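Undergrad: Here it is, the structure in full.
Each value in this text was obtained by applying a stated rule to the coordinates, not by laboratory testing. Nothing here was measured: the structure is a model prediction, and the numbers come from that model. Cβ atoms come from the backbone with ideal geometry, glycine included; neighbour counts cover every protein chain shown.
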Amino acid sequence: MPWRYVLYSTCLIFLMIGATQYGLWRATQATTALPAQLQTSPKRTGPAALQTVTPTPRAISTPAPAKGQTHKEASAATSTPPSLSPAEEGLPEEWQILETIGTHTLAFKNGEHWVTQGDLLVTPPKLQGQQTTEVLPINLQPPQAWPDGVVPYTIATGVDPERVQAAIQAFHEHTVIRLVACDDDPNYVTFTAGEHPYKCYSFLGMQGGEQAIVLGSSCTTGNVIHEIMHALGFGHTHSREDRDEYVEMFWHHIPSTEKLQYQKFPATMTNPANLDFDFDSVLMYPDHLAGNPHVKVMRRRDGKPFQTNRTQLSASDIAQVNFVYDGL
Ligand SMILES: [Zn+2]
């Protein structure tokens, strides 16, 4: 019967439409039910550090950088942090003592060495028992001069002798100091290889017996000259008692563990000849933190920039050495 075929055909069509819809629904369900590890990751927008961040408006406008200078460099070079004394910074009372007395200081254990002011070796007081402290208060004694300006020395294995000889030559050329090969001398310097390539150390003045000048593999002839100056008894130029007349310190830029490097030392250790402040001294620190030129720790009060001299004795270095040692 035709109507029966029509009915069957209609039912068949509805069944096919229903099956198709069910298939589509199943396919949709199957996609969302995939195991997590196989699902497509959402589109990444890049690491946080690379995302565009709307800068916060600055209260003080930053000058446009000079040609060839980045904004960061321009900002660091022109920042004008307030100059505060250690007392104003709220540092411990000991720091105020260091500022005025200069002979009381702290020694830090740096590997196998006890060090103060960054590169001055000290002999720590006898430790009681198995004390494991790595910071000790010490009383830095006034440095002792080498009799007749003669410094016997040896060079240990592992030290580049050319750098040492070049440094010695600088003293022989310009000063009354004579470094001579050690020959049963009771007091002498041994140039010793250091563990850290960029660190060099020296005691301040003659210690009695053997004393080390420790030189890392990357220490230059200028660094050796700097350390010999310490061995002769001279402290850092930036530690002069009168340095605040010449530089403005940015104490809050200096990490607390580094502040000790900027304490003042008496004139007998830093300016015995009573000379003008010398930014060109081989014993003058740079105006920035070691290894970070963007963090300024001091600036000249006259506004002039200054470069660190680590190549040769300056005129005042020579004059200081000859003032102390000429005639000894
Ligand atoms: Zn030094």
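Yes/no matrix, rows are residues, columns are (1) within 11 Å of the ligand (Cβ to nearest atom); (2) of a type in the set (D, E, K, R):
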position	(1), (2)
THR192	no, no
PRO197	no, no
LEU204	yes, no
GLY208	no, no
CYS219	no, no
ASN223	yes, no
ALA231	yes, no
ARG243	no, yes
HIS252	no, no
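Undergrad: Could you check the stretch 260-281 and list, in sequence order, the residues that are within 16 Å of the ligand (Cβ to nearest atom) and touching a residue at least 60 places away in the same chain (Cβ under 8 Å)? First the steps, then the outcome.
TA: Filtering the stretch 260-281 for residues within 16 Å of the ligand (Cβ to nearest atom) gives 260-265, 269-271, 278-281.
Those that are within 16 Å of the ligand (Cβ to nearest atom) and touching a residue at least 60 places away in the same chain (Cβ under 8 Å): LEU260, GLN261, GLN263, LYS264, PHE265, MET269.
Undergrad: Continuing with the same structure: Given the structure, is GLY233 without any contact (Cβ under 8 Å) to a residue 40 or more places away in the chain, at positive phi and more than 18 Å from the chain's Cα centre (by Cα)?
TA: On the way: without any contact (Cβ under 8 Å) to a residue 40 or more places away in the chain: no; at positive phi: yes; more than 18 Å from the chain's Cα centre (by Cα): yes.
Answer is no for this residue.
Undergrad: Out of the residues in the stretch 212-241 that are touching a helix residue (DSSP H, G or I) at 6+ places or on another chain (Cβ under 7 Å) and surrounded by fewer than 20 Cβ atoms within 10 Å (Cβ to Cβ), state the one that is nearest to TRP114 (Cα to Cα).
TA: Looking at the filtered set, the residue picked out is THR220.
Undergrad: Within the stretch 245-261, count every residue that is within 22 Å of ASP119 (Cα to Cα) and surrounded by 15 or more Cβ atoms within 10 Å (Cβ to Cβ).
TA: So the count comes out to 9.
Undergrad: Okay, moving on. Those residues that are under 15 Å from GLY233 (Cα atoms), surrounded by 15 or more Cβ atoms within 10 Å (Cβ to Cβ) and in contact with a Leu (Cβ under 7 Å, 6 or more places away or on another chain), I need them from the stretch 147-193; list them, please.
TA: GLY149, VAL151, PHE171, ILE177
Undergrad: Would you tally the residues in the stretch 188-216 being assigned to a loop (DSSP other than H, G, I, E, B) and in contact with a strand residue (DSSP E or B) (Cβ under 7 Å, 6 or more places away or on another chain)?
TA: Final tally of qualifying residues: 3.
Undergrad: Only one of THR311, THR257 is under 30 Å from GLU162 (Cβ atoms) and among the β-branched types (Val, Ile, Thr). Can you tell me which?
TA: Working: THR257 fails: under 30 Å from GLU162 (Cβ atoms).
After applying the criteria, what remains is THR311.
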